[in-house]
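The values are calculated or read from the model by the stated rules, or taken from the named source; none is laboratory data. Only a predicted model underlies this, so the values are computations on that prediction, with no experimental measurement involved. In this analysis, Cβ positions are derived from the backbone assuming ideal geometry, glycine residues included, and neighbour counts consider all displayed protein chains.
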Amino acid sequence: MEALSYLENVESNARTYAQTFQRLFVSGKGMRIRDASGQEYLDCLSNAGTLALGHNPPEVRDAVMAFLGSDHLQQALDLATPAKHAFVQELFSMLPAKMREASKILFCGPSGSDAVEAAIKLARHYTRRSPLMAFHGGYHGMTAGALSAMGKLSPKSGDGLIAQGTHFLPFPYRFRCPFGTAGEHTDQLSIDYIRTVLSDPEGGVAKPAAVIVEVVQGEGGCIPASAQWLRALREITLEQDILMIVDEVQTGLGRTGTTFAIEHAGIVPDILVLSKAIGGGYPLAVVVYAEHLDTWGPGMHAGTFRGNQVAMVAGVATMQQIRRDNLVANAARMGELLQSGLRDIARRFACMGDIRGRGLMIGVEITRPAANQRAGQADGALAHAIKLNCFDNGLMMETGGRHGAVLRFLPPLSITEAEVGMVLDRFEHALAKTHETRPHLTREAV
Ligand SMILES: Cc1ncc(COP(=O)(O)O)c(C=O)c1O
């Protein structure tokens, strides 16, 4: 049986991207990938934001090949190795100065979810408190603890999966302000609300071990929190003696135009969760946390594959290339270019309700424009149709956010100006094609 139909027959219905992009993908270089028919796609998925340098970057491949051909341990539990030494030194050299000085690192099972589990566990252990606070729209992974902090209900709708003990707070989603304002007061209202919840002795909400937050919500629809909001949240957690866990699984290592997204606000969290890009395209996840929290004992968060040496080698090569080629600055610059190109296209297509993001983490919320309504209704079906037309037109991206209405651009940090232009061309072409069957998409028709 042909490979694609064989896989479609035997693979689970729970698979995701493979259901949308039904091709056999055979090669990748930079941000271009090819399917078995030879069709090329510009990849704005980047393995869900993992591939900082795109597919098969030569320097990373050379480092990995040299390592594979050596007698170094290829898997090493959490034993000390030269690869680990080099990785920790390189990663620490990239951390904000205040974190570099007095932090500990724990290698986790190699997924973002497992590192989130470790972060929650550490916070609970240290504070001796169990409740957790998380945000509407938050995404932290699919294991039980991480899932308990997820805003989206559908993945945990089965009996018993909605864990108790997590209190959800309103994220400053200005376009759809949870307080019903036009967005300009959203940050302040969110902070006031959080402060009230945490300080009201009759508010019915127990003091949590930690608040877990993304600086830019990724899967939740590419929603950036402002620097002021984050600083205010940090102040509250310090005042109230609650740990702050910042989940930079997706934003870490340059994606938002600074090496870590916390740098936009200049805050230092108690616990930082990292995965995706740090492994240079291979599975790796860590938590970096303030030294004084290191009160747990050996084995309190273990796992067989914590010692993914190949990922450490690839991670070092990736970090070195990011630094050498100024790719963090490139992400900031290309992100601005992409956002401004999208704003230009939005003048012609009314369905592009909101364009937002930071660096190369950009979302376009697709809406059904309505008179007398600032933010039209989120239109997931339309976003899906546009995504499929993008794919037909050689552009791969994902959707996320409420009702799947946000088209998400996550190209590699190494994207060039010419590639940004191609992404914009293909995107506009796909919008025009979608428009042929849905004329209400254009500005003129509103
Ligand atoms: C912010 C954030 N946290 C955690 C995770 C979970 O990581 P993983 O899928 O590797 O378990 C993700 C995955 O997309 C994420 O975006």
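Mind telling me which of the residues 261, 227, 232 ends up being closer than 19 Å to residue 173 by Cβ, within 16 Å of the ligand (Cβ to nearest atom) and of a type in the set (Gly, Ala, Ser)? Testing whether each residue is closer than 19 Å to residue 173 by Cβ, within 16 Å of the ligand (Cβ to nearest atom) and of a type in the set (Gly, Ala, Ser) leaves just 261. Among the candidates 334, 312, the residue that is closer than 30 Å to residue 287 by Cα, outside the structural domain of residue 51 (by TED's automatic domain parsing) and crowded, with 22+ Cβ neighbours inside 10 Å is uniquely 312. Within the stretch 349-438, which strands (runs of 3 or more DSSP E) (wholly inside it) include 1 or more residues that are within 25 Å of residue 38 (Cβ to Cβ)? Those strands (runs of 3 or more DSSP E) span 398-400, 406-409. Where helices (runs of 4 or more DSSP H) sit wholly within the stretch 30-132, those with at least 1 residues that are at pLDDT 95 or above, within 16 Å of the ligand (Cβ to nearest atom) and within 20 Å of residue 284 (Cβ to Cβ) occupy 46-49, 112-127. Residue pairs whose Cβ atoms lie under 9 Å apart, sitting 6 or more positions apart in sequence or on different chains, and linking a residue in the stretch 7-22 that is not assigned by TED's automatic domain parsing to the domain that holds residue 47 to a partner that is surrounded by 11 or more Cβ atoms within 10 Å (Cβ to Cβ) and of a type in the set (Phe, Trp, Tyr), do not occur here. With respect to residue 336, determine if the residue is on the phi < 0 side of the Ramachandran plot, in contact with a strand residue (DSSP E or B) (Cβ under 8 Å, 6 or more places away or on another chain) and modelled with pLDDT of 95 or more. Taking the combined requirement at face value, the residue does not satisfy it. Among the numbered conditions (1) in contact (Cβ under 8 Å) with a residue 12 or more places away in the chain; (2) more than 24 Å from residue 437 (Cβ to Cβ), the only one that residue 368 does not meet is (2).
Filtering the stretch 62-77 for residues that are in contact with a Lys or Arg (Cβ under 8 Å, 6 or more places away or on another chain) and farther than 25 Å from residue 359 by Cβ leaves a non-empty set. Consider residue 278 carefully, then state whether it is in contact (Cβ under 8 Å) with a residue 60 or more places away in the chain and within 20 Å of residue 173 (Cβ to Cβ). Considered against the rule, which asks whether it is in contact (Cβ under 8 Å) with a residue 60 or more places away in the chain and within 20 Å of residue 173 (Cβ to Cβ), residue 278 comes out as no.
Taking the criterion of being under 17 Å from residue 108 (Cα atoms), away from the ligand (no atom under 13 Å from the Cβ), assigned to a loop (DSSP other than H, G, I, E, B) and without any contact (Cβ under 8 Å) to a residue 60 or more places away in the chain, would at least one residue in the stretch 289-297 satisfy it? The answer is yes; a qualifying residue exists.
Yes or no: the stretch 135-143 includes at least one residue that is among the polar types (S, T, N, Q), within 16 Å of the ligand (Cβ to nearest atom) and surrounded by fewer than 20 Cβ atoms within 10 Å (Cβ to Cβ).
Taking every residue of the stretch 135-143 in turn, at least one turns out to be among the polar types (S, T, N, Q), within 16 Å of the ligand (Cβ to nearest atom) and surrounded by fewer than 20 Cβ atoms within 10 Å (Cβ to Cβ).
Being small (Gly, Ala, Ser) and in a loop (DSSP other than H, G, I, E, B): is that true of residue 182 here? Answer is yes for this residue.
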